[in-house]
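Below: the structure, in structure tokens.
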Amino acid sequence: MTTAGITVSGGGAGNSPRRSLEAPSPRYGEKTVKVILAACAGLSVLVTTGIVLSLLSGAADFFREVPIHEFLFGTTWAPAFADAHFGVIPIVTGTLNIVFWALVVSIPLGLLSAIYLSEYAPNRVRKTIKPMLEVLEGIPTVAIGLFALMFLRPFLEDVFPFLDWTGPHAIGVAGVAVGLLIVPLVASISDDAMRSVPRGLREGAYALGASKLRVSARVVFPAAISGIVAAIVLAVSRAIGETMVVLMAAGARPQITFDPTKSAQTMTAFIGQTATGEISFGTIAYYTIFAVGALLFVMTLVMNLFAVRLVRRFREVYE
Amino acid sequence: MATDEKPPRTARTRLAVAGARSSTESVFGARGRGDRLGNRFFLAFLLLGMAMAITGLAAMIIWAIIEGSPRLSMDLITNGPSTLAPETAGYRPAILGSIYVIGGVIALIVPLGVGAAVYLEEFADKTRWWNRLIELNIQNLAGVPSIVFGILGLAFIVRSPLSLGAVPAAGAVTIALLVLPTVIIAAREAIRAVPPSIREGSLALGATQWQTIYRQVLPAAMSGILTGVILAVARAIGEAAPLLLVGAVTFVTSDPSFFGPGFTTLPTQIFDWARRPQEEFQVLAAAGVLIMLALVLVMNSFAVWLRNRFEQKW
């Protein structure tokens, strides 16, 4: 009886003339709006294309005069001298120095803060500190640079008087300052990663008699590891691209050194330095900006793609 | 076929149970007082780490206040820069330059950022490759170093095809492109947080999609979007690296205009003072940092407050 009724009504609906759900007019306005909005979104692709094009065309002009192997493997960087050398290794090691010292500062401080915030902090404390970190994340880099140059450098000299301090610029000081700058970034991404670990995992471990230390260190931390690695990768990318702090506190001497008290130039500092000098369009010094910029872009792009993948993975697993 | 009988406890199962128990104990087992002490130490260690992180950044702010406050006066805002009289020199052209740049940035990022976010959240079909490309592209742009945007500005905005020259407008376009991804990401999150029932209700009453977005979705997402815009503007105020490349470091003593050559901004002027070895200029730079920090921190705090205040649980 019921089955028959359904068949009849279903058949009836199928046979009756269907009312159109289409709008009576074509609604050109709606379509125009959609096209305009799509153009706004598409602009970002245009920007990337613009960046790649400007870097490539400038770099192409540069490599027409300087062989690519000399650029990548040369150990002397002196583009402005009469006897010009274009070996990029010294400014790349400068950048690596910065990355190293920045990580030495930001990984322990950032991760300890994140574990505290996600596992230990009472809700009230968390609600005060998390926004505070977010606000501190926005401190202008020029301010940090000046702080590094005028305060951190003399301060670290007092703390480590046995090191061989010379001159006002030191790559280690700049690195530590960059590290301070990215602590909030590392802390807030790792905190998010650890908080997205499901409660069940924690409760399971507690039920087995685990202490809080063990739950944090052996359950939550490993479960959040992809997000934490993503935070560190983003921190590396940020340290590579940081300009003002390095320009102000690390000096402008391109040299291969691993002594944190010495002045050394980084890739970003070179670009900034060259740009603030008098560069005339079409000279080789003008094109070095693009070659170094292209290398910088490739390095950070690889890091970012890697981080995006990692973040996506931890989201897929737990949400 | 199922039986209630327990399987016989053979030597093998006993061994397996013992093995599982001992490995569980070795990972999770509490070890009396030693473990409790370990817990205390760990917590102390965590607190130390966080205290150091916050002290480091707070020291920066306190240092700027101590170093810069003796120099705080109206001179700082009303006077232009001078190398001869650093005691009375100020930031007037730099502040005006910053205002022009930030004005331009706001005018660009609000429509472009919100437009892109609305498209991606409300219109884009996620299965199409171009929409996925746009999304990935925005994520990557957010991570491109700011100085690379400066290179883009130097190559395409200062020179052809836009050919603006080294003017505040060129700086505004460059910085706007730099902070645009942040605005888009924040606006998307805000739009996504508006529940589908609101859209469905509006559509069911006969509103078109654009009417639904404009009258329902955007007002509901307003506080989130505003937060994103304020954070982006705060970042734009302090951004100096790309401006070095679009020519904002010239020593400017007269007031700039939006399309007139020769401009400087607050952060680039601070950088310029900081490069000089004399003590007076360093103090002047610290005073500039103080102005900038006050602006940026107030804006950031307001944005974070706004977000937490209006975070709506639907």
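Among the residues of the range B:277-298, the ones that are more than 8 Å from chain A (Cβ to nearest Cβ) and touching a residue at least 12 places away in the same chain (Cβ under 8 Å) come to 10 in all.
Does A:SER237 satisfy the condition of being of a type in the set (S, T, N, Q), assigned to a helix (DSSP H, G or I) and either farther than 29 Å from A:GLY74 by Cα or away from chain B (no Cβ under 11 Å) (or both)? So A:SER237 fails the test. Criterion applied to A:LEU163, A:LEU112 was being surrounded by fewer than 24 Cβ atoms within 10 Å (Cβ to Cβ) and either within 14 Å of B:MET52 (Cβ to Cβ) or facing chain B (nearest Cβ under 10 Å) (or both), and the one residue passing it is A:LEU112.
A single entry from B:PHE263, B:PHE271 fulfils the requirement of being of a type in the set (A, V, I, L, M, F, W, C), more than 11 Å from chain A (Cβ to nearest Cβ) and within 19 Å of B:ALA241 (Cα to Cα): B:PHE263.
Among the numbered conditions (1) outside any helix (DSSP H, G or I); (2) in contact with a Leu (Cβ under 8 Å, 6 or more places away or on another chain); (3) over 23 Å from B:ALA286 (Cα atoms), the only one that A:PHE162 does not meet is (2).
When the range B:236-260 is examined, which residues are found to be within 22 Å of A:GLY293 (Cα to Cα) and either more than 14 Å from chain A (Cβ to nearest Cβ) or not in a loop (DSSP other than H, G, I, E, B) (or both)?
B:ALA236, B:GLY238, B:ALA241, B:PRO242, B:LEU243, B:LEU244, B:LEU245, B:VAL249, listed by residue number.
Figure legend. Inter-residue proximity from the range B:214-232: first residues in a helix (DSSP H, G or I), second residues among the polar types (S, T, N, Q), beta-carbon distance below 7 Å, spacing 6+ or different chains. Indicated pairs: B:GLN216/B:SER202; B:GLY228/B:THR182; B:LEU231/B:THR182; B:LEU231/B:ASN300; B:ALA232/B:THR182. Report whether or not A:VAL45 is touching a helix residue (DSSP H, G or I) at 6+ places or on another chain (Cβ under 9 Å), at pLDDT 90 or above, surrounded by fewer than 17 Cβ atoms within 10 Å (Cβ to Cβ) and facing chain B (nearest Cβ under 7 Å). Yes, satisfied. Of everything in the range B:151-169 that is within 7 Å of chain A (Cβ to nearest Cβ) and within 23 Å of the chain's Cα centre (by Cα), the residue that is farthest from A:VAL52 (Cα to Cα) is B:ILE151.
Does B:ILE184 count as under 18 Å from B:TYR119 (Cα atoms), crowded, with 24+ Cβ neighbours inside 10 Å and β-branched (Val, Ile, Thr)? Here the answer is yes, as B:ILE184 does meet what is asked.
The values are calculated or read from the model by the stated rules, or taken from the named source; none is laboratory data. None of these values were measured; they are calculated from a predicted model. Cβ atoms come from the backbone with ideal geometry, glycine included; neighbour counts cover every protein chain shown.
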